[in-house]
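For reference, the structure is listed below as structure tokens.
The values are calculated or read from the model by the stated rules, or taken from the named source; none is laboratory data. Predicted, not measured: the structure shown is a model, and the values here were computed from it. Note that we place each Cβ from the backbone using ideal geometry, even for glycine, and neighbour counts take in every protein chain shown. These accessible areas exclude ligands, DNA and RNA; they are computed on the full protein's heavy atoms, side chains included. Shrake-Rupley method; radii C 1.70, N 1.55, O 1.52, S 1.80 Å.
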Amino acid sequence: MRRLHLSFLLSLFTIHCSLYTATAQTRQQWRDSLEVLNGQISRDPTNLHLHLLKAEANINLEQWDYALAEYGKILHADEKNLAALYFRAYVHMQQNHYDLAKVDYETFLMTEPRHFEARLGLAHVMQKMGRRTEALDQFNTLVEQFPDSATAYAARAAYEEELKQYEVALFDWDEAIRRQPQNAGFLVSKVNLLLLQNRYQEARTELNAGVRRGIPRYALKEWFDKCK
């Protein structure tokens with residue numbers, strides 16, 4: 001299990017780094033990479049890492065079916081390959097195959113129950129499927145597992161707002177802001193929720209507090225104008 005865990009982390013780290021810098025790559029560069037990878041795979045067809053990299057190129061070219069085929073090959077050879085499970089769930093989400101994404105995320109979390117992105121992914125799957133209780137359960141678990149994460153509170157707040165549970169959503173936006181006080185996006189989300197309830201004075205108070213915390217006033221001008 002230790003060897004599997006380490007192998008997965010290395011694979012996931014490599015692909016995450018590549019996906020993070022994907023915007024620096026043009027589509028032609030991804031096509032060129034795909035051509036090189038296809039050549040390498042033809043010479044070494046059992047190399048699972050090459051198949052993972054090929055699937056990554058397919059994702060960046062939005063070739064979802066080809067990416068799924070690669071992950072299928074990997075999981076056929078290694079059913080416990082967590083990198084393939086995780087990213088196959090992501091591809092299923094892109095194709096709106098929520099039931100399949102759910103299965104992959106749940107299988108993944110059986111081995112890595114404290115993986116932030118997979119837990120968040122499963123919560124979003126439940127949200128998309130309209131399974132409110134299960135979605136909230138996943139968001140609650142995310143907050144319980146990562147109590148210092150502003151993103152966890154923000155994700156739950158956004159869903160609570162969608163459910164029109166405004167007071168608990170405001171509480172979670174406060175918790176997110178407390179952990180990242182200079183995050184303008186969190187502040188704006190809370191202000192928008194206050195404006196939705198016609199609580200203009202409270203919204204302006206929040207905006208002024210954000211400016212005092214160091215958020216540039218010009219970045220909040222649109223919301224200050226809405227409070228007039």
Q: Those residues that are modelled with pLDDT of 95 or more, part of a helix (DSSP H, G or I) and not charged (D, E, K, R), I need them from the stretch 60-73; list them, please.
A: Trp64, Tyr66, Ala67, Leu68, Ala69, Tyr71, Gly72
Q: Determine the pairs where a residue that is farther than 21 Å from Val191 by Cα and at pLDDT 95 or above, located within the stretch 139-155, has a partner that is hydroxyl-bearing (Ser, Thr, Tyr) and surrounded by 18 or more Cβ atoms within 10 Å (Cβ to Cβ) with Cβ atoms under 6 Å apart, the partner being 6 or more residues away or on another chain.
A: Phe139/Tyr159
Q: Assess whether Leu163 counts as being of a type outside the set (Asp, Glu) and within 30 Å of Ala118 (Cβ to Cβ).
A: yes
Q.
Out of everything in the stretch 74-96 that is in contact (Cβ under 8 Å) with a residue 40 or more places away in the chain and open to solvent by less than 40 Å² (accessible area, probe 1.4 Å), what residue ends up being farthest from the chain's Cα centre (by Cα)?
A. Asn81
(Q) Being more than 24 Å from Glu117 (Cβ to Cβ) and either open to solvent by 40 Å² or more (accessible area, probe 1.4 Å) or in a helix (DSSP H, G or I) (or both) is the requirement here; does Glu202 meet it? (A) yes
Q: Out of Asp99, Asp104, report the one residue that is at pLDDT 95 or above, open to solvent by 10 Å² or more (accessible area, probe 1.4 Å), closer than 24 Å to Asn58 by Cα and in a helix (DSSP H, G or I).
A: Asp99
Q. Of all the residues that make up the stretch 137-152, how many are in a helix (DSSP H, G or I) and either open to solvent by less than 20 Å² (accessible area, probe 1.4 Å) or of a type in the set (Phe, Trp, Tyr) (or both)?
A. 5
(Q) Among the residues of the stretch 112-136, what is the count of those that are surrounded by fewer than 20 Cβ atoms within 10 Å (Cβ to Cβ), more than 20 Å from Glu175 (Cβ to Cβ) and touching a helix residue (DSSP H, G or I) at 6+ places or on another chain (Cβ under 6 Å)? (A) 3
Q) Which residue pairs have Cβ atoms under 8 Å apart, sit 6 or more places apart or on different chains, and have a first residue in the stretch 207-225 that is free of Cβ contacts under 8 Å to residues at least 12 places away in the same chain and a second that is β-branched (Val, Ile, Thr) and open to solvent by less than 60 Å² (accessible area, probe 1.4 Å)? A) Arg217/Val211
Q) Among (1) of a type in the set (Ser, Thr, Tyr); (2) within 19 Å of the chain's Cα centre (by Cα); (3) open to solvent by less than 60 Å² (accessible area, probe 1.4 Å); (4) closer than 18 Å to Trp30 by Cβ, where does Tyr71 come up short? A) (2)
